Amino acid sequence: MNRPLENKPTTSSSGALGADAIALILAQAGRSAEEIASLTTLDDADRTAEKQFSGEAPTLATLFGRARAVELDAGCFRPSPDVAATMAACLEFLLKRKKDGGLFDHEQMLFAADTIAGLASLGFFGLAIPKTYAGSGAQLGDLGPLLRALTLIHPDLAVMFEVHNFLGPVTPLLDFGTEEQKQHYLPRMARGELLGSFALTEPGVGADPSKLAMTARRDGDRFLISGVKWPITNVLYGGICILVLKLDGEGLPRGKDSAMVIFEVPKKDNEHFRMVRNRLTAFDYLWNARFRLTNYPVPTDALLGPPGKGLAQAFSSLAKGRGGICVNSAVKIFRLLAQLIQDPAAVERRSEWSHRNKSGGWVAFRSTFGKPIGQSPRIQTWVGQATSHALASRSLGDVCFRLAANGVRDETMGMVAKVYATKALLQTAIHAYQIQGGRSVHVDERRQAARRGGLVGPSSQPLIENYIGENMQEFTIATVYEGPNPVLADIGAPNAMTRGIRTKYLEPIGLAEAQGRFGWRAKAAFGWFIVTTTLGSLNPWPGTVDGIANLTPEKRTLVQKAFHRNRVLGRRILWIIARYQKTFIEQSFLLGDEGGIFDQLCHSVASMVYCISFDTSHRDYAMVAEALDMEAELSLRRRPASPQLQHRWAAIGRRVMDPDSVLYKDLIADIEVSGIPLDPRTIDQFI
């Protein structure tokens with residue numbers, strides 16, 4: 001199975017000038033050798049990742065072309081009967097374990113061993129693996145609802161599933177592995193014998209993976225790997241990990257020497273391998289670790305995909321992971337709202353009035369200035385805003401999964417989804433913290449004792465998780481995983497939005513000037529593109545809504561307004577590019593800054609995707625569509641929330657807190673919430 005490494009010259013895609021030309025242009029712009037190496041490495045990885053997908057990114061079509069709304073429809077959840085049965089069995093098992101208190105090993109701060117074993121026997125770890133390799137064959141678009149359900153049971157379950165499947169190793173093996181590699185690893189992963197992880201991050205590298213330090217050096221029919229990876233989630237002893245590293249001594253050009261390697265993690269430390277678990281303040285029931293390899297031998301046939309393409313392959317996997325973070329963030333927003341609205345102490349009766357019995361939580365019994373805090377207009381506004389953002393985030397995540405399942409790489413959509421949803425989650429968490437007040441910092445002493453292994457004997461009193469206060473770090477870390485939000489907004493998204501334009505127009509201009517020519521032809525082509533795009537942005541009907549379900553006149557109007565906003569943003573993007581051609585990289589923050597074009601795009605795309613996807617004409621959901629549209633229009637004009645928008649959010653908030661409303665019944669009523677530590681209504685029992 002050993003394969004010789006190839007060292008072929010880089011071939012550029014149609015219309016592209018290649019990394020050498022880019023380096024020449026950057027050098028003329030006064031960039032240092034280190035900056036040129038870093039930027040050309042990332043650019044080459046991005047362009048290579050593009051080739052692994054087909055089809056035009058529909059978000060870019062809304063910016064610079066004529067959009068088709070049906071391409072941005074989240075679609076329907078239609079798993080096969082086998083997949084649906086496996087999902088149902090796994091969720092039922094997990095709910096029973098949670099109810100019985102057997103979900104976790106509190107002493108080890110991990111999921112209990114028999115929880116993992118039970119999930120493995122039910123096919124949980126093989127859901128996203130094709131039947132050919134002993135899995136269930138779920139499509140990527142089937143997994144959004146599953147991730148939502150896992151997040152509600154416990155968010156660490158969803159993270160474990162995502163790391164195992166989307167980042168690695170399932171997705172990289174399916175996308176880049178040989179048939180022999182797939183046959184060797186995937187059935188064992190499907191059976192839960194090998195739990196997977198993905199190792200890109202290193203100390204000091206941060207958001208710039210072009211500076212990888214872990215190195216593989218050929219030694220006969222094996223590689224000797226040295227370096228440190230940190231922090232890596234789910235990298236268990238005896239598991240499997242995908243390493244993204246540099247190949248040394250293979251004659252590959254600097255910046256094009258990355259690779260992916262399949263690493264079977266040893267069952268214990270040895271002279272070549274040392275691992276230390278990280279103690280985290282978020283995702284604390286997952287194994288997260290740092291590890292060092294010192295001349296660790298792996299066979300050369302552990303190379304996954306072609307040499308020199310490791311970063312491109314990693315970018316491909318990261319794109320799929322962002323949809324998962326968006327889905328998880330939306331669910332956590334709903335859980336935060338439920339924690340405020342539901343009464344954890346209420347007794348639920350099996351009747352048509354059970355929803356009413358569960359309402360009346362913190363926003364109802366906490367009184368401020370003579371009335372429940374939930375009657376405050378500010379609180380109603382916060383709740384309505386969070387509900388609107390969560391529904392939009394849910395649609396964004398589902399669209400990301402559907403596009404990826406269809407082989408479309410819409411990098412801009414993935415970044416919009418991740419940034420929009422995680423910012424909404426963080427904002428909601430801060431508001432929820434403020435609403436719950438000082439109770440957010442209290443902990444259940446018995447739960448702390450259980451975590452330290454000091455709780456002895458059974459008790460009828462449940463262990464209480466302070467969901468809002470204890471998980472603030474988890475709500476915050478969502479803005480960092482799969483790329484920190486500022487990096488995605490200032491660098492990633494501007495690159496994704498403008499890569500095609502830079503390739504087709506700016507690079508020929510830059511190359512001509514670097515060679516001492518004026519580049520009349522290239523500049524004329526770019527000027528003509530700006531003119532036609534600007535004129536196109538004035539078109540009152542910049543997209544088609546054919547094929548969209550439940551296309552009411554109001555829905556048609558809202559979608560077309562979103563299309564028009566995006567064309568305006570596309571025009572602004574072109575003007576910025578035209579003004580800052582040679583220094584565009586330094587000026588990219590103009591697209592990503594808070595309140596800037598990328599921020600405006602997030603609001604516009606969120607409104608557009610939600611309006612396209614929601615298939616009910618109920619007034620509650622129509623109010624959400626109208627609120628998202630208002631917010632996007634105000635963002636386009638860089639204006640704060642208007643009184644009209646705040647009134648709309650407040651109306652939505654009142655509906656969400658009303659146990660008889662559709663929004664409450666659909667979004668809040670069935671969410672299980674944690675108790676309140678030192679519940680102030682029963683404070684006497686604690687003193």
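The figures follow:
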{"quantity": "Dipole magnitude of the chain about its Cα centre (Cβ charges: Lys, Arg +1; Asp, Glu -1), debye to nearest 20", "calculated": "1060"}
{"quantity": "Debye, to nearest 20: dipole size of the stretch 485-667, +1 on Lys, Arg Cβ, -1 on Asp, Glu Cβ", "calculated": "820"}
{"quantity": "Spacing of the two label points (7 Å from each Cα toward its C-beta) at PHE369 and ASP666, in nm", "calculated": "3.3"}
{"quantity": "Net charge of Cβ neighbours under 12 Å - reference CYS76; Lys, Arg +1; Asp, Glu -1", "calculated": "-2"}
{"quantity": "Estimated FRET transfer efficiency when R0 is 35 angstrom, pair HIS647-LEU538 (beta carbons, to 0.05)", "calculated": "0.65"}
{"quantity": "Packing rank of 363-376, 127-140, where each peptide gets the mean count of other beta carbons within 10 Å, highest leading", "calculated": "127-140, 363-376"}
{"quantity": "Ascending count of other beta-carbon atoms within 10 Å, so fewest first, for TRP287, TRP528, TRP362", "calculated": "TRP528, TRP287, TRP362"}
{"quantity": "Alpha carbon centroid spacing (whole Å) that separates the stretch 466-527 from the stretch 228-252", "calculated": "27"}
{"quantity": "Distance in nm between pseudo-label sites at ASP684 and ASP219 (7 Å out along the Cβ direction from Cα)", "calculated": "7.3"}
{"quantity": "Formal net charge of residues neighbouring PRO508 (Cβ-Cβ distance under 12 Å; K, R +1; D, E -1)", "calculated": "+3"}
{"quantity": "Proximal aspartates and glutamates relative to LYS182, as straight alpha-carbon distance under 15 Å, when same-chain residues fewer than 8 apart are discounted", "calculated": "GLU193, GLU264, ASP301"}
{"quantity": "Cross-link reach list, aspartates and glutamates versus LYS99, counting only Cα pairs under 19 Å and skipping chain neighbours closer than eight places", "calculated": "GLU107, ASP114, ASP156, ASP343, GLU348, ASP444, GLU465, ASP670, GLU672"}
{"quantity": "Calculated FRET efficiency for the pair VAL70/ASP100, C-beta based, R₀ 60 Å, to 0.05", "calculated": "0.85"}
{"quantity": "FRET efficiency, 1/(1 + (r/R0)^6) with R0 22 Å, evaluated for MET109 and ALA88 via beta carbons", "calculated": "0.15"}
{"quantity": "Protection proxy ranking of 232-239, 658-665, 559-566 - average other beta-carbon atoms within 10 Å, highest first", "calculated": "559-566, 232-239, 658-665"}
{"quantity": "Amide H partners (placed H, <5 Å) of ASN234, local residues excluded", "calculated": "TRP287, ASN288, ALA289"}
{"quantity": "Per-residue Cβ neighbour rank within 10 angstrom, fewest leading, ASP100, ASP142, ASP410, ASP301", "calculated": "ASP100, ASP301, ASP142, ASP410"}
{"quantity": "Hz values of 3J(HN,Hα) by residue in the stretch 629-636 - Karplus curve (6.51, -1.76, 1.60), Gly and Pro given as x", "calculated": "5, 4, 4, 5, 5, 5, 4, 4"}
{"quantity": "Distance violations [Cα-Cα > 30 Å] among LYS246/LYS268; LYS131/LYS309; LYS418/LYS561; LYS309/LYS561", "calculated": "LYS309/LYS561"}
{"quantity": "Computed helical MRE - 222 nm, the chain, DSSP H runs ≥ 4 contributing -39500 (n - 2.57), nearest 500", "calculated": "-15500 deg cm²/dmol"}
{"quantity": "Using θ = phi - 60° and Karplus 6.51 cos²θ - 1.76 cosθ + 1.60, couplings along the stretch 275-281 (whole Hz; Gly, Pro as x)", "calculated": "10, 10, 6, 8, 8, 9, 9"}
{"quantity": "Shape category assigned to the chain from the gyration tensor of Cα positions, a/c cut at 1.5", "calculated": "oblate"}
{"quantity": "Contact order normalised by residue count of the chain, Cα under 8 Å, 6+ apart, percent", "calculated": "18"}
{"quantity": "Qualifying aspartates and glutamates (Cα of each under 14 Å from Cα of LYS523; at least 8 residues distant if same chain)", "calculated": "GLU507, GLU513"}
{"quantity": "Computed lengthening from ARG556 to THR132, 0.36 nm per intervening residue step minus Cα-Cα distance", "calculated": "148.3 nm"}
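Values in this text are rule-based calculations from the coordinates and carry no lab data. Quantities reported herein were computed from a predicted structural model and do not represent experimental measurements. Glycine gets a Cβ as well: all are built from the backbone with ideal geometry, and neighbour counts include every protein chain shown.
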